[in-house]
Amino acid sequence: MAVQARDVPAHRIRRLWPADRNAVLDYFLRLDPETRASRFMGNVSEAGVRAYAAQAVTAEGILYGAFVDGALRGLGELRPMGASRFGFGPRAEAAFAVERAFRRRGIGADLFARIARSARHRGVEDLHVRCLSGNGPMLRLAAKHGAALQHAGSEIEGALHLARPTPFSLWYEGIAETFDFSLAVSFPDRDGTPA
Ligand SMILES: CC(C)(COP(=O)(O)OP(=O)(O)OC[C@H]1O[C@@H](n2cnc3c(N)ncnc32)[C@H](O)[C@@H]1OP(=O)(O)O)[C@@H](O)C(=O)NCCC(=O)NCCS
């Protein structure tokens, strides 16, 4: 029988906090070798992935997670580009990965939109995404969101110019993040929905 859209569990996106550290670690370690290579633009050892994952939530930047049935299945990272002692500068970089079994259901697109919104409200003017030139899914995802794509050797860099925030959008972002924080504290490692 054909799978109907309503049969596919919905995902929920929220900001990740230090309380989510174990979920982030497990998520990175679950990624298959090809996804890891796409995400990190090259082969990374198990130890390398573990080391990266262990500091991912506490390093400079902001993370958003996509949860399906309470488990972290996709992750978007927003990192400042260049030195930034206080918040983000005008340029930031984003990176994404969705577990293979959970792709093509809108998680990457929702993470991209959430990261772009977050960057915009932190004063970022240009959001950059880098991937290998053969990474069709990521290139299409970036182009779909309006990023201008440019070749740089074996890599492609996408740059998205962000609109300036408005008072209403800033207020909305503040509410969304406060809500995310209380969910993470109440139900760590989950999407915040009580069973
Ligand atoms: C890129 C990636 C995050 C997309 O995640 P996803 O959840 O499958 O993406 P979505 O379902 O939201 O798709 C959004 C858009 O991306 C594009 N896209 C995603 N997968 C695609 C594929 N296999 N082929 C062609 N286009 C694809 C499409 O434009 C799609 O829009 P559409 O469904 O309206 O056609 C995912 O493929 C991934 O994790 N790849 C490995 C990690 C990686 O390459 N990261 C990039 C370096 S930072």
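How much length is gained on full extension from Met41 to Lys144, taking 0.36 nm per residue of separation minus their Cα-Cα distance?
Roughly 35.0 nm would be gained on extension.
P(r) for the chain: what percent of alpha-carbon pairs falls in each 5 Å bin, starting at zero?
Binned Cα distances yield the sequence 1, 7, 15, 19, 22, 18, 11, 5, 1, 0, 0.
Sort out the exposed loop trypsin sites (Lys or Arg not before Pro) in the chain (DSSP loop, at most 13 other Cβ within 10 Å) and tell me the longest stretch that has none.
105-195
Could you line up Leu72, Leu132 from fewest to most neighbouring Cβ atoms inside 10 Å?
Listed from fewest to most nearby Cβ atoms, that is Leu132, Leu72.
Which one of Phe112, Phe88, Phe96 has the biggest mean-square fluctuation once the chain is modelled by GNM with Cα springs under 10 Å?
Between Phe112, Phe88, Phe96, it is Phe88 that shows the largest mean-square fluctuation.
Taken together, the values in this text are just the output of simple stated rules run on the coordinates, not laboratory data. On a predicted model such as this, the values are computed, not experimentally measured, just so you know. Here Cβ is always computed from backbone atoms with ideal geometry, including for glycine, and neighbour counts include all displayed protein chains.
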